[in-house]
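Enquirer: Let me give you the structure first, and then I'll get to my questions.
The values are calculated or read from the model by the stated rules, or taken from the named source; none is laboratory data. Given the structure is predicted, the values throughout are model-derived calculations rather than measurements. A quick note on method: Cβ atoms are made from the backbone with ideal geometry, for glycine too, and the neighbour counts reach across all protein chains shown. SASA here: full protein model, heavy atoms, side chains in, ligands and nucleic acids out. Shrake-Rupley method; radii C 1.70, N 1.55, O 1.52, S 1.80 Å.
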Amino acid sequence: MTTMPAIQETECDILVIGGGTGGPMAAIKAKEANKDLRVMLLEKANVKRSGAVSMGMDGLNNAVVPGYATPEQYVKEITVANDGIVHQPAVMAYAQNSYTMIRYLDGLGVKFEKDGGGEYNMRKVHHLGTYVLPMPEGHNVKKILYRQLRRLQINVVNRYIATRLLTAPDGRIAGAIGVNTRTSEILVIRAKSVVLAAGAAGRLGLPASGYLFGTYENPANCGDGYAMAYHAGAELANLECYQINPLIKDYNGPACAYVTGPLGGYTANNRGERFIECDYWSGQMMLEFWRELQGGNGPVFLKMNHLAEETISQIETILHSNERPSRGRFHDGRGTNYRHRMVEMHISEIGFCSGHSASGVWVNEHAQTTVPGLHAAGDMASVPHNYMLGAFVNGGIAGRSAAAWCADNDLAPVDTDAVMAERERVMAPTRRDDGLTPNEMEFKTRRLVNDYLTPPKVTAKMRIGQQRLAEVRDDLSHLVARDPHELMRALELQSILDCADMAAAASLYRTESRWGLYHLCTDHPDTNNEDWFCHTMLYRDSSGRMAHRKREIAPYVVPVDVTEMNAYHTLRTQPRKVAAE
């Protein structure tokens, strides 16, 4: 691959980058807001089966359903679970639109579990409220979304990986640049507004298995949305609040306590004892999980072997046919039968993901970033604990906001010099006949992330990690791509490297411990609300360097008493007292 490809150009009103969950809904809601808008959905794979819900989903983790919870109760729960570091107006915008979105999806044909009276069959997993809505037949989510995209005649462009956003001289968004993953053709897309919905940074840390693509998150979600937002000048929030999840040992998927918990399953130590009161994922829950491993009570397991046969059969039906249908085959190969053996669990690699944590591109309650005309939604936006339903809701908010932006703004001019410079960067690995392959460089980058950036965080290790990552960046001059697919991997590697740099810089900036295991700092073991009860913002300054600032927490729309704020810090079960005879 040595021939420089021609640059093709097209234009639209709204460009949505990412065809997983939030992206399609953003496109759908933009088109519903104004049927005359030219909406383009750009996806590096194929929208029919792309993203984190490519094989469906087994439940909604954060459904705010009348009769079970109010938006105010949900906002309070998420505020407490996130140690108070939230932008409550954005969480409230999600909560107020949650039930409407559930009804909308229900109307499209997405199946949710209902009771004999036809009402949603809600379950309790969270520490305080009831928000889980099972989806035993949730495997058709993507098919249903795709049908709606086709019905609304949205322009779906598959097999193009977005590499950089384009901005105008006045700072507003102007479009994006994409590269065809099959031909390496370069496409400049002019747009009045852009919605970023490229998913989590799931290929940041290296799984314990050592497999590059054996990640907890969909491995296609490499953090390119985070990197594009950063290079476009958008601010990113609380990146030191890593995503770390419990997962099945040696399997790239969750143990799914959300599914098993309401049916009687629970997280247990090697004696089969429950050691946490609540299986809802939070930094404090993961800290207790880690402590159990460190304290000699590991491995940690998902315990179901005490359940009735009909209950276990129900669990198997849900878990082995939705989201990760390979789960059943994995257990068969390992000889694990839920009836007889507990399922061994472990701790995932680190990543960025607001869906399970709080690290993302900063957005307000309208899904607007700090770059005018640029929106973000889903796992890469900063609304905490989003999950799939949050991606749908905030994708819809982003789509409607983008449509409103288009009513008042025209296409911005594109910087031709920036386009030519990006073509040079993108195609550089194709000009080499030999060198370091993307897989080799990615493995080294992610191994360094594991060695130096994974909690417990140590300042000296972080600084060494920054030095080693800088050496990897120097080696980009030896990166080789011998075909279009390898070029895509080379571009993904550079996004992973950007995210690793951001993870280290953000972790060093916040000199305290917060969010349980997510930001557990050996050198700063205490939480310091006097200095750090704030958002930490990371951005690219005028000299092109990584910079930081503090952002005040916006006034709460739902008050939280100081006595309530520690609710998630009391998850560990208390030893049972034996009555004296």
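Enquirer: Only residues in region 58-77 that are closer than 22 Å to residue 257 by Cα count as the first member; pair them with residues that are open to solvent by 10 Å² or more (accessible area, probe 1.4 Å) and of a type in the set (D, E, K, R), Cβ under 6 angstrom, at least 6 apart or cross-chain, and list the lot.
Expert: 58/323
Enquirer: When you check residue 201 against the structure, is it open to solvent by 10 Å² or more (accessible area, probe 1.4 Å) and either closer than 22 Å to residue 484 by Cβ or touching a residue at least 40 places away in the same chain (Cβ under 8 Å) (or both), yes or no?
Expert: no
Enquirer: Considering (1) at pLDDT 90 or above; (2) open to solvent by less than 50 Å² (accessible area, probe 1.4 Å), say which one residue 281 fails and leave the rest.
Expert: So the condition that residue 281 fails would be (1).
Enquirer: Next question. Does region 169-186 hold any residues that are assigned to a loop (DSSP other than H, G, I, E, B) and out of contact with any Gly (no Cβ under 6 Å at 6 or more places or on another chain), and which are they?
Expert: Within region 169-186, 169, 170, 171, 181, 182, 183, 184, 185 qualify.
Enquirer: Take residue 433 and tell me if it is in a loop (DSSP other than H, G, I, E, B), at pLDDT below 95 and out of contact with any helix residue (DSSP H, G or I) (no Cβ under 9 Å at 6 or more places or on another chain).
Expert: yes
Enquirer: Anything in region 15-61 that is in a helix (DSSP H, G or I) and open to solvent by less than 10 Å² (accessible area, probe 1.4 Å)? List them, or say none.
Expert: 22, 23, 24, 25, 26, 27, 28, 30, 47
Enquirer: Give me the residue from region 300-317 that is in contact (Cβ under 8 Å) with a residue 40 or more places away in the chain and open to solvent by 50 Å² or more (accessible area, probe 1.4 Å) and, out of that set, farthest from residue 279 (Cα to Cα).
Expert: 317
Enquirer: Can you confirm whether residue 160 is closer than 19 Å to residue 228 by Cβ and in contact (Cβ under 8 Å) with a residue 24 or more places away in the chain?
Expert: Yes, satisfied.
Every residue, every condition in (1) open to solvent by less than 10 Å² (accessible area, probe 1.4 Å); (2) farther than 19 Å from residue 57 by Cα, yes or no:
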| residue | (1), (2) |
| --- | --- |
| 87 | no, yes |
| 91 | yes, yes |
| 94 | yes, yes |
| 98 | yes, no |
| 102 | yes, no |
| 106 | no, no |
| 112 | no, no |
| 119 | no, yes |
| 125 | no, no |
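Enquirer: Among the residues of region 541-581, write down those that are assigned to a strand (DSSP E or B), touching a helix residue (DSSP H, G or I) at 6+ places or on another chain (Cβ under 6 Å) and either modelled with pLDDT of 90 or more or open to solvent by 100 Å² or more (accessible area, probe 1.4 Å) (or both).
Expert: 546, 548
Enquirer: Mind counting the residues in region 323-344 that are open to solvent by 50 Å² or more (accessible area, probe 1.4 Å) and farther than 24 Å from residue 51 by Cα? Explain how you work it out, then say what you get.
Expert: Let us first name the residues in region 323-344 that are open to solvent by 50 Å² or more (accessible area, probe 1.4 Å), namely 329, 332-334, 337, 339-341, 344.
In the following step, the residues that additionally are farther than 24 Å from residue 51 by Cα were identified as 332-334, 337, 339-341, 344.
Number satisfying all stated conditions: 8.
Enquirer: So, one more: Can you name the residue in region 410-428 that is assigned to a loop (DSSP other than H, G, I, E, B) and acidic (Asp, Glu) and, of all such residues, is least open to solvent (accessible area, probe 1.4 Å)?
Expert: 415
Enquirer: Could you grab the pairs with beta carbons closer than 6 Å, sequence gap of 6+ or different chains, first residue in region 558-573 and within 18 Å of residue 75 (Cβ to Cβ), second one open to solvent by 80 Å² or more (accessible area, probe 1.4 Å)?
Expert: Pairs that qualify, where the first residue is within 18 Å of residue 75 (Cβ to Cβ) and the partner is open to solvent by 80 Å² or more (accessible area, probe 1.4 Å), are 558/72.
Enquirer: So which of 508, 520 ends up being open to solvent by 30 Å² or more (accessible area, probe 1.4 Å), within 26 Å of residue 267 (Cα to Cα) and at pLDDT 95 or above?
Expert: Just one listed residue meets the conditions, 520.
Enquirer: Still on this structure, please answer the following. List pairs: first in region 386-409 and in a helix (DSSP H, G or I), second charged (D, E, K, R), Cβ under 6 Å, 6+ apart or cross-chain?
Expert: 396/29; 399/29; 400/29; 406/13; 406/192
Enquirer: Can you tell me which residues in region 466-490 are touching a residue at least 60 places away in the same chain (Cβ under 8 Å), out of contact with any helix residue (DSSP H, G or I) (no Cβ under 7 Å at 6 or more places or on another chain), under 15 Å from residue 439 (Cβ atoms) and part of a helix (DSSP H, G or I)?
Expert: 485, 488
Enquirer: Here's something else I'd like to know. Report whether or not residue 263 is over 29 Å from residue 205 (Cα atoms), of a type outside the set (Gly, Ala, Ser) and in contact (Cβ under 8 Å) with a residue 40 or more places away in the chain.
Expert: yes
Enquirer: Scan region 345-368 and tell me whether some residue there is open to solvent by 10 Å² or more (accessible area, probe 1.4 Å) and more than 23 Å from the chain's Cα centre (by Cα).
Expert: No, the conditions are met nowhere in region 345-368.
Enquirer: Across region 260-276, what is the number of residues that are in a helix (DSSP H, G or I) and crowded, with 19+ Cβ neighbours inside 10 Å?
Expert: 2
Enquirer: While we're here: Tell me which of these residue 532 doesn't satisfy, since it passes every other one: (1) closer than 25 Å to residue 448 by Cβ; (2) out of contact with any helix residue (DSSP H, G or I) (no Cβ under 8 Å at 6 or more places or on another chain).
Expert: Condition not satisfied by residue 532: (1).
For every residue, the table says whether it meets (1) surrounded by fewer than 18 Cβ atoms within 10 Å (Cβ to Cβ); (2) more than 25 Å from residue 325 (Cα to Cα).
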position	(1), (2)
131	no, no
137	yes, no
142	no, no
145	no, no
157	no, yes
161	no, yes
173	no, yes
176	no, yes
186	no, yes
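Enquirer: Could you tell me how many of the residues in region 493-537 are of a type in the set (A, V, I, L, M, F, W, C), part of a loop (DSSP other than H, G, I, E, B) and closer than 30 Å to residue 439 by Cβ?
Expert: 1
Enquirer: Any idea which residue in region 205-259 is nearest to residue 315 (Cα to Cα), counting only those that are in a strand (DSSP E or B) and modelled with pLDDT of 95 or more?
Expert: 243
Enquirer: Sort out which residues of region 453-465 are in contact (Cβ under 8 Å) with a residue 40 or more places away in the chain and within 18 Å of residue 352 (Cβ to Cβ), and write them in order of number.
Expert: 453, 454, 455, 457, 462
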